[in-house]
Each structure stands twice: as structure tokens, then as C-alpha cells.
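Just so it is clear, none of the values below were taken in a lab; they were calculated from the coordinates. Just so you know, these numbers come straight off a predicted model, no measurement behind them. Please note: Cβ atoms are built from the backbone with ideal geometry, for glycine as well, and neighbour counts cover all protein chains shown.
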Amino acid sequence: MLDSIKCADFVLMPCASTPPDVWGLAPCVEVVNERIKATKGELKAAVLFNRYQKGEFARMAAQGIKDLHHMPLLTSTIKQYVKVALCIGEGVTVFEFKTKVYQPPAQQFAQAGDELIGLING
């Protein structure tokens, strides 16, 4: 992981929207923060909620990202879809499907991508 982070300009950390998953980010965030310090802030990082489920756990998880990890959290989220997991298993992306079933996840991935590009380009 460290070698990848050393080569990166931006680190996006996907995380499920539950407090235990946020706590599990701690080792990765620690490495990223050390690298941010070593690069004098040139390395940028953020967290993206995937398998997102709106509710109290998600609110607690978002607060944990801010309070525990002091990391930016993308406003875009990727909700949990069984069909997305099936795409991965078949080796294709949600963008390769033209059915209504895949439109919401494709839109969410596109929105997250646009937000990420905005963060990278400043």
C-alpha cells in the first residue's frame, strides 16, 4: 500500500457507511496522513462512501470521518446494489449496460468521478 501511495497524487479511500468500517480505515488513514506530511500537503486524499445506506449509521460514519480521521468526505455516494457486484463478477462495468436496472449506479459512479476530478484539479 505504501508504494502505491508514494506514487499517487490523490488517494481515494472507499468505505462502507457504518461506524465499524470507518474505524477500520484507521491504519490506511494513518499511512496517508504520514505521506501527506512527508509531501508537505502535495498528496491529497478523501473518503468515498460505497455500499451506502442512508440512516443513523451513515450519519455517525460521516461524523467519524470528520472527527476521527479529519479527512474530506465526498458528497457523492455509491449505494449498495447486488447488480453492481454481479457486474464485477462478470468483468464488466455498470456503464456497459443500457438497462434501467443499471442507470442509478452508473449515474452514482459518474457523479463520484466528476466530484473526484474537481477535487484533483482544484
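Put a plus charge on the Cβ of each Lys and Arg, a minus charge on the Cβ of each Asp and Glu, and nothing anywhere else: the dipole of the chain about its Cα centre is then about 260 debye.
Every Cα-Cα pair of region 8-50 was included, and the share exceeding 15 Å stands at 40 percent.
For a modelled paramagnetic label at residue 53, 7 Å from Cα along Cα-to-Cβ, the residues of region 1-36 in reach, with backbone nitrogen under 15 Å, are 16-22. Going by a ≥ b ≥ c, the root eigenvalues of the Cα gyration tensor, does region 32-94 fall in the rounded group (a/c under 1.5), the prolate group (a/b larger than b/c) or the oblate group? It comes out oblate by the Cα gyration axes.
Counting only alpha carbon atoms, the long axis of helix 26-38 and the longest principal axis of the chain meet at about 50°. In the chain the Cα-Cα distances spread across 10 Å bins starting at 0 as 13, 38, 36, 13, 1 percent of all pairs.
Find out how many positive minus negative residues lie around residue 17, taking Lys and Arg as positive, Asp and Glu as negative, among other residues whose Cβ is under 14 Å from that of residue 17. Charge balance near residue 17 sits at +3.
Applying both filters, DSSP loop and at most 12 other Cβ atoms within 10 Å, to the GluC sites (Glu not before Pro) of region 40-122 gives 42. Toward the positive end of the charge dipole of the chain, with +1 on the Cβ of Lys and Arg and -1 on the Cβ of Asp and Glu, the farthest Cα among 49, 7, 81 is that of 81.
The modelled label-to-label distance for the pair residue 83/residue 6, using points 7 Å beyond Cα in the direction of Cβ, is 4.3 nm.
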